[in-house]
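Chemist: Handing you a structure now.
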Amino acid sequence: FYGPWWYWFLEIISFFPLGFLTHWYFMTLLSLLFVLGIYYLGRHVGGKELGILAALLAAISPAQIDNAFSTWNPTILPFLVLLSLIFLIKYHSYQKTIDIFLLGFVVGLALNIHFQSILILPTLLITAALIRLPIKNYLKHLSILGLGTFIPFLPLIQFDAKFNWHN
């Protein structure tokens, strides 16, 4: 079982008056944003050349092209994993609490949309190892990471509580 976030996302998209193919248009847009995000991540990690190479490989990737034509819930997972990596790199560079919170939130959101994304959980462990602050701030940043990861689970917890924890 998984949470309602994907269906909420599809419902919000449904309000755009683009016709019958509205969801497909947004998935295509998401795939294009994925390529731009891969460029950003590659540029941040290894310079402009790596960014261009990574974006080129993402643009011609059969899996990414297939995602542009689908609207089932694992379609958004590559984008969410990319966001988590971007927030991981930003947190490593700047040690801002907003980046660690958003990293946790995106990982929790990905887990809620499809449990296939459980493979990005090591990102949280890597983040915990990257915290370069005194112990007082370490615990603060670790709790912010945990809070960000926990928040997307609230609708699922509320649903399970309503039905006597059946799931």
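The values are calculated or read from the model by the stated rules, or taken from the named source; none is laboratory data. Bear in mind the structure is a predicted one, so any value in this text is a computation, not a measurement. For neighbour counting, all protein chains shown are included, and Cβ atoms are generated from backbone atoms with ideal geometry for every residue, glycine included. Surface accessibility is based on the protein's heavy atoms, side chains included, excluding ligands, DNA and RNA. Shrake-Rupley method; radii C 1.70, N 1.55, O 1.52, S 1.80 Å.
Chemist: Report, ordered by the first and then the second residue, all pairs with beta carbons closer than 6 Å, sequence separation of six or more or different chains, a first member in the stretch 49-74 that is under 24 Å from Leu10 (Cβ atoms) and of a type in the set (S, T, N, Q), and a second member that is assigned to a helix (DSSP H, G or I) and open to solvent by less than 90 Å² (accessible area, probe 1.4 Å).
Modeler: If the second residue must be assigned to a helix (DSSP H, G or I) and open to solvent by less than 90 Å² (accessible area, probe 1.4 Å), the pairs left are Gln64/Ser31; Gln64/Ala58; Asn67/Ser31; Asn67/Thr75; Thr71/His23; Thr71/Met27; Asn73/Trp6; Asn73/Ile113.
Chemist: Still on this structure, please answer the following. So which residues in the stretch 91-107 are among the β-branched types (Val, Ile, Thr) and closer than 20 Å to Lys136 by Cα?
Modeler: Matches in the stretch 91-107: Thr97, Ile98, Ile100.
Chemist: Looking for something among the β-branched types (Val, Ile, Thr) and crowded, with 22+ Cβ neighbours inside 10 Å - is there at least one such residue anywhere in the stretch 76-97?
Modeler: The answer is yes, given that some residue of the stretch 76-97 is among the β-branched types (Val, Ile, Thr) and crowded, with 22+ Cβ neighbours inside 10 Å.
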